[in-house]
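Input: a single structure, listed below in structure tokens.
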Amino acid sequence: MFYLKQASKKKFWFILLPSLLLILSAVFSLRAFYEVSSLNMEQEKFKNMADKVDATVAEEMQPHSPTITKSTDIPSANPAILSQYKAFAQQNPEFYGWIRIDNTIVDYPVMHTPNDPKKYLRLNFDGEYSIAGTIFMDHRCSAESDHLILYGHNMKNKTMFGSILNYQDETYWKEHPLIQFDTLYEQREYEVFAAFFDHVYNENDTCFKYYNFIDAVNEDAFYQAIHSYQEKSLYHTGVSAQYGDQLLSLSTCAYHTKNGRFVVVARKCQNSLPDIVQPPPS
């Protein structure tokens, strides 16, 4: 009788275990399918936004008939939002600007939430859950900070900031030396001068931490930061920065060590991109 019970138990588990494995496999497959589908949908939304930006810029470049300005017109004290970003700013007031690297997948809106630092870590532009999140600027930064830091996920499909790890390769840097990062009001261009692996340090570590450098307390502090970037860089670009230059860093996760990061640093070009001329009112 004992042996019959043991045999029945073995038979039960022999049948149950494969069934459980099939169920688990199906669950993981469905989850993977959902994630891939979601990522594709989110990327398509970002592409549609980028297409609208390009279309507006192309329209603004078309010649318009000049209009006569009345002498009673009073210029506005507030800067005008660039035409290509007006609709997005109205749609979401936390929209800050746009990041683009020509001939790459990096072509995204940038969010800024000073009172909620990681809000867009897992939210899309519309504020809905998204595993890829949206590119966002460090909450401590402002338009005139010495150092602007943008964060984005290192996605397996290379979207968001997954592709910036290509800057490990010096040849890739030579092919993509410029980064465009616009605010709502100004088109800005930055020249890459360093790319390196790093990580998040312990609070009591006294070394230079790129993610804590926002504004230089003085000229020496600025050049110490530049020296640190160049010392960490995987290759020498021959590009540097002068005190007063604004820096831009793109930061994403890397897996060479615990809490690893990969960082691309650029300096603002002296001659930023010209603002698109606003068309005369119709």
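The values are calculated or read from the model by the stated rules, or taken from the named source; none is laboratory data. Predicted model, so just to flag it, every value in this text is computed and none were measured. We place every Cβ from the backbone using ideal geometry, glycine too, and count neighbours over all the protein chains shown. These accessible areas exclude ligands, DNA and RNA; they are computed on the full protein's heavy atoms, side chains included. Shrake-Rupley method; radii C 1.70, N 1.55, O 1.52, S 1.80 Å.
Numbers at a glance
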{"item": "Selection from the range 106-125 of residues that are in contact (Cβ under 8 Å) with a residue 40 or more places away in the chain and more than 11 Å from the chain's Cα centre (by Cα)", "result": "Asn124, Phe125"}
{"item": "Any pair with Cβ under 6 angstrom, 6 or more apart, that starts in the range 89-103 at a residue that is farther than 11 Å from Met137 by Cβ and open to solvent by less than 100 Å² (accessible area, probe 1.4 Å) and ends at one that is among the β-branched types (Val, Ile, Thr) and assigned to a strand (DSSP E or B)", "result": "Ile101/Ile179"}
{"item": "Hits in the range 86-133 (condition: farther than 27 Å from Pro177 by Cβ and acidic (Asp, Glu))", "result": "Glu94, Asp116, Asp126, Glu128"}
{"item": "Considering residues of the range 260-282 that are surrounded by fewer than 11 Cβ atoms within 10 Å (Cβ to Cβ) and either modelled with pLDDT of 95 or more or not small (Gly, Ala, Ser) (or both) only, the residue farthest from Asp146 (Cα to Cα)", "result": "Pro281"}
{"item": "Any chance Lys174 is modelled with pLDDT under 95 and open to solvent by 70 Å² or more (accessible area, probe 1.4 Å)", "result": "no"}
{"item": "Single condition Gly162 does not satisfy, out of (1) in contact (Cβ under 8 Å) with a residue 60 or more places away in the chain; (2) within 24 Å of Gln224 (Cα to Cα); (3) not acidic (Asp, Glu)", "result": "(2)"}
{"item": "Residue satisfying condition, being assigned to a helix (DSSP H, G or I) and within 22 Å of Ile135 (Cβ to Cβ), within set Tyr229, Tyr223", "result": "Tyr229"}
{"item": "Matching residues, the range 210-231, being without any contact (Cβ under 8 Å) to a residue 12 or more places away in the chain and either touching a Leu at 6+ places or on another chain (Cβ under 7 Å) or under 21 Å from Arg261 (Cα atoms) (or both)", "result": "Asn212, His227, Glu231"}
{"item": "Residue match in the range 126-133 (condition: surrounded by 15 or more Cβ atoms within 10 Å (Cβ to Cβ), modelled with pLDDT of 95 or more and not small (Gly, Ala, Ser))", "result": "no"}
{"item": "Which listed residue, of Thr183, Thr171, is in contact with a strand residue (DSSP E or B) (Cβ under 7 Å, 6 or more places away or on another chain), on the phi < 0 side of the Ramachandran plot and not hydrophobic (A, V, I, L, M, F, W, C)", "result": "Thr183"}
{"item": "Which listed residue, of Val217, Val239, is surrounded by fewer than 18 Cβ atoms within 10 Å (Cβ to Cβ) and in contact with a Pro (Cβ under 9 Å, 6 or more places away or on another chain)", "result": "Val239"}
